[in-house]
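Bear in mind these aren't lab numbers, they're just calculated from the coordinates by the rules spelled out. Since this is a predicted model, take the numbers as computed values, not measurements. FYI the Cβ positions are ideal-geometry reconstructions off the backbone, even for glycines, and counts take in every protein chain you see.
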Amino acid sequence: MHIAVVGSGYVGLVAGACFADLGHEVILVDNDERKIAALRNGQVPIHERFLPELLQRHRGQKLQFSTDLHEAVRASQAIFIAVGTPPTDRGDADLSYVESVAREIAGAINGYKVVVEKSTVPVYTSEWVRRIILRNGADPESFDVASNPEFLREGTGVTDFLFPDRILVGCDNQRCAAVLREIYAPLTSGSYYQTTGAIPQPDRATIPPPIIVTSSKSAELIKHASNAFLAMKISFINAVASVCESVGADVSQVCHGVGTDARIGRRFLNPGIGYGGSCFPKDVMAFRAVARECGYDFRLLDEVVRINEDQRERFLRKVRSALWTLRGKNLGVLGLAFKGGTDDIRESPALLIVQSLLQEGCRITAYDPAAMERTQEVMSSGIKFANSAYEAAHGADALLILTEWEEFANLDLNRLRDELKYPIVIDGRNLYDPELMGGQGFTYYSVGRAASHPDGVPAALKSALKNGANKA
Ligand code: UGA
C-alpha cells in the first residue's frame with residue numbers, strides 16, 4: 001500500500017518507519033525543511049529504541065521524506081495525519097494544524113483516499129476533517145475519514161506499534177475499514193512476525209494482535225478515555241501512597257495486593273512524583289474540556305490533575321524535611337526526562353521539581369542518560385550537568401532520584417555512599433528497597449514507604465527523622 005504520514009514527531013516518525021517495516025511504501029511529510037533534511041541525512045531526531053535500525057533499513061527505499069504534501073497525497077491511498085495537537089489556554093486541543101492539513105489534502109485528491117487521524121484528537125474531529133475536505137471542493141465519493149489512534153509509549157514506541165495489545169480502527173463504512181485492515185494485515189495475520197529481521201518480540205505480546213473496528217467517534221473517545229484512565233490509575237495509587245505514609249503501611253505491598261486482582265492489574269500502579277510527558281497532562285485536560293463541551297462535568301478528572309500536582313509538592317516537602325533548610329544545599333539529581341527510556345522533558349515532573357529547588361536556592365548537579373541536552377536548551381543557568389550518576393552524587397548533601405531509568409536502579413551503592421557528602425537518598429520513583437538502603441548505610445526516603453536509616457543511628461534521631469518524613 002502507498003501511504004503518506006503527515007507530521008514527523010514521535011507518532012508520525014515511529015508510524016512511518018513501522019509501516020515501511022510492514023512492507024508498505026511510505027512518504028513521511030513535514031513542512032519543516034530542516035527536519036526533513038536531517039532525516040534524509042540519516043539523523044534520528046528522537047531517542048527511541050529500534051528506530052535508528054528501522055530508519056537505516058528503509059531510508060530512501062520504502063521510506064521517503066518530503067515537504068511536498070500535495071505530491072505525497074497524490075501518490076498515496078491512505079494519508080495518516082500525525083501532526084501536533086497542542087493544548088490551548090483553555091485546556092482543549094488546538095486543531096489548527098489538523099485543519100490546515102485537511103485543507104491541503106482536499107486540493108490534492110486524485111482518486112479514492114482514506115484520510116486517517118492518528119494524532120490524539122477530541123471526539124467529532126473526524127467529522128470536522130470530513131467537512132473541511134468537502135468544503136474545499138473534494139467529491140464526497142472520493143475519500144473517507146477514519147480514526148486510528150496510537151497507543152505507543154515513548155521509548156518503546158516501535159515495539160508498541162508492532163506488538164500492540166490491540167489495533168483500533170474507527171471507520172464509518174466498510175470501504176474504508178477494508179483499507180485499514182489491509183494496512184495492518186501483516187500484523188493481524190501474524191505474517192510480519194515470521195519475517196527475517198522482524199523487531200524482536202517484547203514480553204507480554206499478544207500475537208497476532210486483535211483489530212477492533214468501531215465508529216470513528218468511539219475510536220476518538222477510546223483514545224482519550226484510555227489515557228485519562230491510566231492517568232487516574234497513577235493518581236489513585238499516589239493518593240494511596242500518601243495514606244500509606246500516614247499510617248505506616250508499605251505502598252509496594254499494597255500495590256502487589258491490589259494489582260494481583262486481575263480486574264485491576266499491576267501495571268501503571270507505580271507511585272512516584274506524578275505523571276508527565278506530552279500526553280497524559282494534555283489529554284486529561286483535553287478530555288475534560290471535550291466532556292464539558294458535550295454537557296458532562298467530568299470532575300473526577302480535576303481530582304486526577306490535583307493529586308498529580310500535589311504529588312510534586314509532597315516530594316518537595318519530603319526534601320525539605322530531610323534536609324531542613326535548602327538555601328545553598330548541593331543536591332545531586334538523577335533523572336530529568338519525564339520517564340525512563342526517553343530524552344523527552346516535556347511536562348517532566350523531574351524538571352518541575354528541579355526548577356522549584358533552584359528557586360529555593362539549591363545548587364543542582366544533574367545526570368540523565370539521554371535528556372541533558374534538551375534540558376540545557378531550556379534551563380541554562382543554575383544547574384550543572386554530570387557525566388554519570390556518581391559524578392552527580394559527588395560531594396552532594398543528598399541525592400534525589402527523579403526518573404525511573406533502569407540504570408538508576410542498579411547503582412553500586414558502596415561507591416554512591418562514598419561519593420555523597422551525607423548518605424541521604426530521596427527516591428521519587430521507589431527504585432530501592434528501604435531495608436537494603438538502611439543496611440547499606442543510607443538514610444533513604446521514598447514514596448508511600450517508611451524512611452529507613454543506617455544501622456547504628458540512635459533510636460531518638462531515627463524517630464525524629466521518621467516523624468519529619470511522615471509530616472511530609
Ligand atoms: C502514554 C500512554 O501510556 C500511551 O499508551 C499513549 O499512546 C501515549 O501516552 C500517547 O497518548 O501518545 P507516554 O506518555 O509515552 O505514553 O508515557 P507513559 O509510559 O504512559 O508514562 C507517562 C507518565 O506516567 C510518566 O511520567 C511516568 O513516569 C508516569 N508513570 C507511569 C507513573 O508515575 N507510574 C506508573 O505506574 C506509570
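Summary table
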read-out: Distant-in-sequence amide H partners of Gly170 (H built 1.01 Å from N, under 5 Å); value: Ser147, Asn148, Thr214
read-out: Among beta bridges that DSSP assigns inside the chain, antiparallel share in %, nearest 5; value: 5
read-out: Order by protection proxy (mean Cβ within 10 Å, highest first), peptides 57-65, 233-241, 11-19; value: 11-19, 233-241, 57-65
read-out: Mean Cα-pair separation over length for the stretch 223-306, i.e. relative contact order, pairs under 8 Å, 6 or more apart, %; value: 38
read-out: FRET efficiency, Arg103 to Asp418 (Cβ-Cβ, R0 45 Å, nearest 0.05); value: 0.15
read-out: Residue-wise HN-Hα coupling along the stretch 42-59, computed from phi with Karplus coefficients 6.51, -1.76, 1.60 (Hz; x: Gly, Pro); value: x, 7, 10, x, 10, 8, 9, 4, 6, 5, x, 4, 5, 5, 4, 5, 10, 4
read-out: Selected from Thr156, Leu168, Ala185, residue furthest toward positive end of dipole (the stretch 71-199; charges at beta carbon); value: Ala185
read-out: DSSP beta bridges in the stretch 2-213 [antiparallel fraction, %, rounded to 5]; value: 5
read-out: Ordering of 333-342, 46-55 by burial proxy (mean other Cβ atoms within 10 Å per residue, highest first); value: 333-342, 46-55
read-out: Tensor-based shape of the chain (alpha-carbon gyration tensor, a/c under 1.5 rounded, otherwise prolate or oblate); value: prolate
read-out: Pairwise label distance in nanometres, Arg317 with Ala178, each label 7 Å out on the Cα-Cβ vector; value: 6.2
read-out: Paramagnetic reach from Tyr112 (point 7 Å along Cα→Cβ, amide N under 20 Å) across the stretch 72-96; value: 73-81
read-out: Listed residues Leu357, Thr325, Ala392: farthest to the positive end of the dipole of the stretch 312-471 (Cβ charges); value: Thr325
read-out: Taking Leu301, Leu413 and counting other C-beta atoms within 10 Å, the order from fewest to most; value: Leu413, Leu301
read-out: Antiparallel %, DSSP beta bridges [both residues in the stretch 312-471], to 5; value: 5
read-out: Assigned charges on the beta-carbon of Lys, Arg, Asp, Glu; the chain dipole about Cα centre (debye); value: 720
read-out: Potential extension, Ser226-Phe298 segment - 0.36 nm per residue separation minus Cα distance; value: 24.4 nm
read-out: Percentage relative contact order, the chain, counting C-alpha pairs under 8 Å, at least six apart; value: 11
read-out: 18 Å Cα-Cα threshold exceeded, pairs from Lys282/Lys318; Lys282/Lys339; Lys318/Lys384; Lys282/Lys384; Lys118/Lys282; Lys318/Lys339; value: Lys282/Lys318; Lys318/Lys384; Lys282/Lys384; Lys318/Lys339
read-out: For the stretch 189-200, Karplus couplings with θ = phi - 60° (6.51, -1.76, 1.60), whole Hz, Gly/Pro x; value: 8, x, 5, 4, 5, 8, 6, 6, x, 4, 4, x
read-out: Distance in nm between pseudo-label sites at Glu435 and His256 (7 Å out along the Cβ direction from Cα); value: 1.0
read-out: Length released on extending from Asp203 to Trp324, taking residue separation times 0.36 nm less the Cα-Cα span; value: 39.2 nm
